[in-house]
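Note sheet for the following structure.
Rule-based calculations on the coordinates, nothing more; no lab input. Computed from a predicted structure; not experimentally measured. Note that we place each Cβ from the backbone using ideal geometry, even for glycine, and neighbour counts take in every protein chain shown.
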Amino acid sequence: AGRMPATLAHVRKVYGERALAMGNALRKDLGDAIEFVQPQGGLFVWARLTGAGGKLKDGAELAQRAIEKGVAFVPGAPFYASNPDLSTLRLSFATADVAKIEEGVGRLAQAVV
């Protein structure tokens, strides 16, 4: 019906804003405790906990702590075929608006300490 180009443009704009918001919030709230490459597409930020400043470095342990703070994410280890990096995380920005992303990252930061 000719609506696809406009729909794609809208979706790209929304996801782009959300990806940027998540990246900005991660840099602001977690600083050097996390490293990641700002996504240029997709629906997730793939990140690695650094353990900087004595902060948590285990993604599975952080997942448990994060749930206690009311936020959830997927640890990265299950995405490896072998030799998983236990410090990795997959953070989705697909279904939350910018305010929720900022709130969620703030809660995640509370769980990393």
Per the helix-only model, the chain has a calculated mean residue ellipticity at 222 nm (DSSP H runs of ≥4, -39500 (n - 2.57) each, divided over all residues, rounded to the nearest 500) of -15500 deg cm²/dmol
With Rg from the Cα atoms and Rh as the Kirkwood inverse mean 1/r over Cα pairs, the chain has an Rg/Rh of 1.02
Membrane-span-like helices (DSSP H runs, Cα span along own axis at least 20 Å, mean Kyte-Doolittle at least -1.0) in the chain -> 4-30, 98-112
Checking region 16-68 for GluC sites (Glu not before Pro) in a loop per DSSP with at most 13 other beta-carbon atoms within 10 Å yields none
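What is the chain's relative contact order, in percent, from Cα pairs under 8 angstrom and six or more apart in sequence?
30 percent
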In region 1-30, the trypsin sites (Lys or Arg not before Pro) that sit in a DSSP loop and have at most 15 other Cβ atoms within 10 Å of their own Cβ are Arg3
For Lys13, counting only aspartates and glutamates whose alpha-carbon sits under 20 Å away and dropping same-chain residues fewer than eight positions off, the answer is Asp97, Glu102
Excluding residues fewer than 8 positions from Lys100 in its own chain, the aspartates and glutamates with Cα under 18 Å of it are Glu17, Asp29, Glu68
Dipole check, region 1-103, charges on Cβ (K,R +1; D,E -1), about Cα centroid: among Gln38, Gly2, Ser87 the Cα furthest to the positive pole belongs to Gly2
Here, trypsin sites (Lys or Arg not before Pro) of region 40-113 satisfying both criteria (DSSP loop; at most 16 other Cβ within 10 Å) are Lys57, Lys69
Row for region 41-107, column shape: gyration tensor on C-alpha, a ≥ b ≥ c, rounded if a/c < 1.5 i.e. under 1.5, prolate if a/b over b/c, else oblate; value oblate
Given unit charges at Cβ for Lys, Arg (+) and Asp, Glu (-), the dipole magnitude of the chain about its Cα centre in debye, nearest 20, is 280 debye
